[in-house]
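Data first, discussion second: the structure below is written as structure tokens.
The values are calculated or read from the model by the stated rules, or taken from the named source; none is laboratory data. Source: prediction; values computed, not measured. Glycine also receives a Cβ, built like all others from the backbone with ideal geometry; neighbour counts cover every protein chain displayed.
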Amino acid sequence: MVEATIFALASGAGRAAVALLRLSGSGTAGVVAALAGGLPPPRRASLRRLRDPRTAELLDQALVLWFPGPASYTGEDSAELHLHGGPAVIAGVAEALVSAGARPAEPGEFTRRAFLNGRMDLTAAEGIADLVAAETVAQRRQALRQAEGALATLYGGWTARLTALLARQEAFIEFEDEDLPTGLDDAVALGSAALRAEIAAHLADAGRGERLREGLLVAILGAPNAGKSSLLNALAGREAAIVSARAGTTRDVVEVRLDLAGVPVTLADTAGLREAADEIEAEGVRRACRRAEEADLVIAVFAADQAPDGATLAWVTHAALVLANKLDLAPAPTAIGGVVPLGISVRTGAGLDALRIRLAEEAGARAGLAAEATLTRPRHRAALTEAAGWLAELDTASLPELRAEALRAALRAIGRITGRVGVEAVLDAVFGEFCIGK
Ligand SMILES: Nc1nc2c(ncn2[C@@H]2O[C@H](COP(=O)(O)OP(=O)(O)OP(=O)(O)O)[C@@H](O)[C@H]2O)c(=O)[nH]1
Ligand SMILES: [K+]
Ligand SMILES: [Mg+2]
């Protein structure tokens, strides 16, 4: 199939020293030649004058790279134009590309073509998207691991084993009346049980990979004037939220992004919990509670010089951290709601280093880079849970046909993750690898 020739600005928007325009599609050679007056040698950066093919007006002097397919990112004929990064240069070259027959690419279209051309599986494509979005070192490492095929290899291995099991099961059905090696049925059951245990272990990761990819939500809760906004500002290192001596200062949720030992965190400051004085504050308190309910981690803040308030006390058992702030005014109580608080003073900075360490530990317990390849998306989890469910079904199915059906369903579930649903491969396995002697 002849795909349209697409192009896109691969570098960021705005003024920059260099802008990178990328092209892909069967018409790439013609489009590049129309602007550059010819094709440079493959995979060699070559300086070329780019002209508007309609007017011959000089648009830029650019580095042109030509990547003939299939050994390109997309698997198609592709090219890169390294332009001077001004908006007028980019706009002029983009217009000229359109006049030469290319069209702007849709989001993700280059990688979609790479997948369709068999250059990568779906998990690797997702890894590339994650790599582009990675904000922290741990996110980058996880994304790179996936982009390089760690999940593709793992799931590909499981697919191969399932295919072999299915081939045996099919053989059992086909040749039931003949002399088959004894124990064939048991071998399928054993292989399936082993696989199910591996999938279960892979699933029992407490969502670390997914949380690392998405980031953690952390909510700060407490009575008015406990020092929640002061704490947010101290952790963020900037005055993101308004601090004042007036109770009820914060109404909207104020968010900052933090990097806690490689785990990206959205830290939310909220309105002080109390019987609100007006409708606006009441809405603020509702939002505070909603945010705390959604949060992966709640920080309950009390003022050491005040008696603990009931509204915040109710959250203590759900809170990962209980803080007694304003240590400069009063010593921290030995227990608040049965929990030993961490004493801090945002004003003097006392206890803030210990708090940062505790926060990083709490974040690290919920998310972070695992030793093994980790699933990173709910769709991976859903499909693997389904596959494990089918394998469990196989254990109780007595009819060989039902067992084969369960294996086929498990294969399809895993095939959905990688985008390689290859039940046809079973035929090859049955007639090739499995020798019946016929
Ligand atoms: N002495 C002392 N004062 C503090 C400390 N931390 C915050 N404050 C003061 O306490 C007051 C309230 O601080 P905020 O950070 O606005 O408190 P909040 O919990 O966000 O208050 P609301 O937004 O109204 O719920 C301000 O005057 C702060 O300067 C501290 O450690 N010691
Ligand atoms: K306040
Ligand atoms: Mg506040």
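List of remarks:
- For segment 132-139, the condition holds for no residue, the condition being that it is in contact with a Ser or Thr (Cβ under 8 Å, 6 or more places away or on another chain), acidic (Asp, Glu) and not assigned by TED's automatic domain parsing to the domain that holds ALA10.
Matching residues to (1) out of contact with any strand residue (DSSP E or B) (no Cβ under 7 Å at 6 or more places or on another chain); (2) within 16 Å of ligand 3 (Cβ to nearest atom):
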| position | (1), (2) |
| --- | --- |
| THR317 | yes, no |
| GLY337 | yes, no |
| ARG347 | yes, yes |
| GLY351 | no, no |
| ALA371 | yes, no |
| PRO378 | yes, no |
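- ALA124 over 17 Å from ARG420 (Cβ atoms), crowded, with 20+ Cβ neighbours inside 10 Å and outside the structural domain of ALA187 (by TED's automatic domain parsing): no
- Unmet requirement for LEU375, which otherwise passes all of (1) within 15 Å of the chain's Cα centre (by Cα); (2) more than 13 Å from ARG213 (Cα to Cα); (3) crowded, with 19+ Cβ neighbours inside 10 Å: (2)
- Answer residue from segment 231-271, given it is assigned to a loop (DSSP other than H, G, I, E, B) and under 16 Å from VAL218 (Cα atoms) and is farthest from ligand 3 (Cβ to nearest atom) among those: GLY262
- Within segment 277-334, the set of residues being in a strand (DSSP E or B) and either farther than 17 Å from LEU355 by Cα or more than 36 Å from the chain's Cα centre (by Cα) (or both) comprises just one member, ALA303.
- Some residue of segment 222-245 being charged (D, E, K, R) and at pLDDT below 95: no
- Where strands (runs of 3 or more DSSP E) fall wholly inside segment 34-97, the ranges with 1 or more residues that are under 33 Å from the mean Cα position of the chain (by Cα) and not polar (S, T, N, Q) are 58-67, 78-84.
- Within segment 7-30, the only residue that satisfies the criterion of being farther than 12 Å from ALA79 by Cα and basic (Lys, Arg) is ARG15.
- Across segment 367-389, not a single residue is classified as of a type in the set (Asp, Glu), modelled with pLDDT of 95 or more and over 30 Å from ARG119 (Cβ atoms).
- Those residues of segment 234-285 which are in contact with a Pro (Cβ under 7 Å, 6 or more places away or on another chain) and within 16 Å of ligand 2 (Cβ to nearest atom), in sequence order: ALA247, GLY248, GLY272, ARG274
- Taking the criterion of being surrounded by fewer than 18 Cβ atoms within 10 Å (Cβ to Cβ), farther than 12 Å from ILE6 by Cβ and touching an Asp or Glu at 6+ places or on another chain (Cβ under 9 Å), the residues of segment 90-113 that qualify are GLU95, SER99.
- Note on segment 190-244: residues that are hydrophobic (A, V, I, L, M, F, W, C), surrounded by fewer than 21 Cβ atoms within 10 Å (Cβ to Cβ) and within 16 Å of ligand 1 (Cβ to nearest atom) total 5.
- Pairing residues of segment 400-427 that are over 27 Å from ALA147 (Cβ atoms) and in the same structural domain as HIS380 (by TED's automatic domain parsing) with residues that are modelled with pLDDT under 75 and assigned to a helix (DSSP H, G or I), at Cβ distances under 8 Å and at least 6 apart in sequence or on separate chains, gives PRO400/ASP185; ARG408/VAL426.
- Residues that are assigned by TED's automatic domain parsing to the domain that holds ALA330, more than 13 Å from ligand 3 (Cβ to nearest atom) and touching a His at 6+ places or on another chain (Cβ under 6 Å) are absent from segment 278-293 altogether.
- Here the helices (runs of 4 or more DSSP H) wholly within segment 107-210 that include at least 3 residues being at pLDDT 95 or above are 137-147, 150-174, 184-203.
- Within segment 245-285, tally of residues that are within 14 Å of ligand 1 (Cβ to nearest atom), hydroxyl-bearing (Ser, Thr, Tyr) and surrounded by fewer than 21 Cβ atoms within 10 Å (Cβ to Cβ): 1
- Checked against the criteria, ALA288 does not count as surrounded by fewer than 20 Cβ atoms within 10 Å (Cβ to Cβ), of a type outside the set (Asp, Glu) and within 14 Å of ligand 2 (Cβ to nearest atom).
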